[in-house]
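The values are calculated or read from the model by the stated rules, or taken from the named source; none is laboratory data. Treat the numbers as computed from the prediction; the structure is a model and nothing was measured. All Cβ positions, glycine included, derive from the backbone under ideal geometry; neighbour counts span all protein chains shown.
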Amino acid sequence: MADRQVELGHNHNKKAIKVNARIITYKDKESGATFEFLTNNNLSLAAATIADCYHKRWQIELLFKRLKQNYQLKYFLGDSPNAIKIQIWCTLIADLILKVIANNYKCKWAFTNLVGMVRLHMMTYLNLKSFIASPEKLCFRDFIITS
């Protein structure tokens, strides 16, 4: 929407350092939200390229937030760099599988609830698709049969 050049600093002191920067105003087509990005004065990059970089950076931040909230990466099972890498890769693979499950089944659950239910029922034999569609029916049916 806009690409402005600004000078950051104040005029109170003549020795104060002033920095040239750009403010890029971007409107997201999907959500309709307007964002303003403050960046360095790199004029070789187009405003759309800078806005795209910030958007991708935000997606990475959301990935890390989801990983920290839903998976146990506070404690590592080994001390070697290889053991830590294996645990991180397993976490990324598990996250990818659960995102595919949530998208394919058009799950209305919060992602945290889905991760918790899969964690609880990891070693049980149940149809995941029918469980996600109606968990109370499946659990109630199993309770009736086993009682």
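Does residue 5 fit the bill of being surrounded by fewer than 11 Cβ atoms within 10 Å (Cβ to Cβ) and either in a loop (DSSP other than H, G, I, E, B) or under 22 Å from the mean Cα position of the chain (by Cα) (or both)? So residue 5 does not fit the description; no. Give the residues of the stretch 23-42 that are of a type outside the set (Ser, Thr, Tyr) and out of contact with any strand residue (DSSP E or B) (no Cβ under 8 Å at 6 or more places or on another chain), sorted by residue number. Those that are of a type outside the set (Ser, Thr, Tyr) and out of contact with any strand residue (DSSP E or B) (no Cβ under 8 Å at 6 or more places or on another chain): 29, 30, 32.
Residue check: residue 106 meets all listed conditions (1) modelled with pLDDT of 75 or more; (2) outside any helix (DSSP H, G or I); (3) among the basic types (Lys, Arg) but one, namely (1).
With respect to the conditions (1) part of a helix (DSSP H, G or I); (2) surrounded by 12 or more Cβ atoms within 10 Å (Cβ to Cβ); (3) not assigned by TED's automatic domain parsing to the domain that holds residue 130, residue 23 lacks only one, and its number is (1). Those residues that are surrounded by fewer than 12 Cβ atoms within 10 Å (Cβ to Cβ), free of Cβ contacts under 8 Å to residues at least 24 places away in the same chain and not aliphatic (A, V, I, L, M), I need them from the stretch 61-84; list them, please. The answer is 61, 64, 65, 68, 72, 74, 75, 78, 79, 80, 81, 82. Of all residues in the stretch 109-133, those that are over 17 Å from residue 93 (Cα atoms) have Cβ atoms under 6 Å from Cβ atoms of residues that are at pLDDT below 75 and assigned to a helix (DSSP H, G or I), 6 or more apart or on another chain, in 130/138; 131/138.
Only one of the numbered conditions (1) outside the structural domain of residue 25 (by TED's automatic domain parsing); (2) surrounded by 12 or more Cβ atoms within 10 Å (Cβ to Cβ); (3) out of contact with any Phe, Trp or Tyr (no Cβ under 8 Å at 6 or more places or on another chain) is not met by residue 98, and that is (3).
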